[in-house]
Amino acid sequence: MNKRPLGKILKAFFNKQFYIALINIFKNFDRPLNVLNRYVFGRGSYPDKHLVTTPIGKLELSVYSFHDMITLVECFGKLDYQAGNDIKCVVDFGSNIGVSAGYFLTRNNNSRVYLFEPLPDNISRLKANLERFESRYELKEVAVGLENGVADFGYETTGRYGGLQSNLPQKTQVKVLMAEEVITKILAKEGHIDILKIDVEGLEIAIIQSLSSDSLKRIDRIYAETIYPESLPGFEKEQYGEIVRFRKT
């Protein structure tokens with residue numbers, strides 16, 4: 001059990017995203033009261049499975065902690081990484097256990113998603129959650145950063161939080177690929193990226209700023225888990241809670 005502080009619960013009632021999540025929990029989840037109890041009050045044991053209604057049918061996702069439950073609601077309730085049903089190509093830096101990928105892959109039957117995740121436990125859970133979609137995703141078992149190489153990666157036991165600049169107590173060495181090179185290779189293959197999602201615990205701003213103008217011209221939307229203080233030329237910015245959203249103008 002991971003009880004939320006009472007102050008944080010009360011604060012949520014004054015937050016627009018909470019009501020978006022509330023509507024979508026009852027609209028999209030098979031057990032909405034169970035989801036609310038877990039998400040709002042931090043109750044319930046894990047692992048647990050949840051059925052979510054998507055544009056292509058029901059999707060079952062396994063979650064392994066209260067923190068995974070937060071991710072599940074962020075993707076299918078709050079719509080942090082909102083995607084239209086016509087998306088074709090998505091790049092997901094920091095794919096964790098595959099919840100965000102599950103959201104992107106179920107917008108239609110043709111979308112292709114490029115996933116990047118370095119932690120072995122997360123990778124095995126991701127593969128289980130996405131076992132229906134092997135033909136439509138490509139997984140690189142690496143971290144994404146500012147240069148190629150090998151680096152220390154800090155993380156905590158649930159696997160939800162971790163990064164190259166993290167001070168978390170658990171440490172492992174991971175292979176790192178340079179973000180700009182990754183994007184360039186995908187663009188050479190796909191020609192266009194509908195959504196670039198970045199959740200890498202601390203390097204989000206640096207990665208966005210490292211992308212070349214040529215790459216940015218062929219990306220429609222960028223979603224990053226950070227507070228981004230500046231504008232991005234050629235994009236309209238929206239700060240959606242702790243997610244910055246850039247849309248091509």
Accessible area (Å², per residue) of the chain, counting only protein heavy atoms and a probe of 1.4 Å: 47
Antiparallel DSSP beta bridges within the chain, percent to nearest 5: 55
Two-site FRET efficiency, LYS27 against ARG136, from Cβ-Cβ distance with R₀ of 30 Å, rounded to 0.05: 0.75
Heavy-atom accessible surface of region 43-182: percent carbon and sulfur, 1.4 Å: 46
Length-normalised contact order for the chain - Cα pairs under 8 Å, 6+ apart - percent: 13
If the convex hull is drawn through the Cα atoms of region 138-249, its volume per residue in Å³: 107
Percent of Cα pairs exceeding the 15 Å cut-off, where the set is region 36-89: 53
The chain, helix-only ellipticity at 222 nm - DSSP H runs n ≥ 4, -39,500 (n - 2.57), divided by all residues, nearest 500: -9000 deg cm²/dmol
With every protein chain in place, region 195-239: carbon and sulfur % of accessible area (1.4 Å): 48
For Cα extents along the principal axes in Å, calculated from these coordinates, the label among (i) 46, 39, 38; (ii) 66, 42, 29; (iii) 52, 44, 36: (i)
Listed pairs LYS78/LYS175; LYS16/LYS127; LYS185/LYS248 exceeding 30 Å between Cα atoms: LYS78/LYS175; LYS16/LYS127
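The values are calculated or read from the model by the stated rules, or taken from the named source; none is laboratory data. Computed from a prediction, not measured in an experiment: that's the story for all the values here. Heads up, the Cβs are rebuilt from the backbone with ideal geometry, glycines too, and the neighbour counts pull from every protein chain shown. Surface accessibility is based on the protein's heavy atoms, side chains included, excluding ligands, DNA and RNA. Shrake-Rupley method; radii C 1.70, N 1.55, O 1.52, S 1.80 Å.
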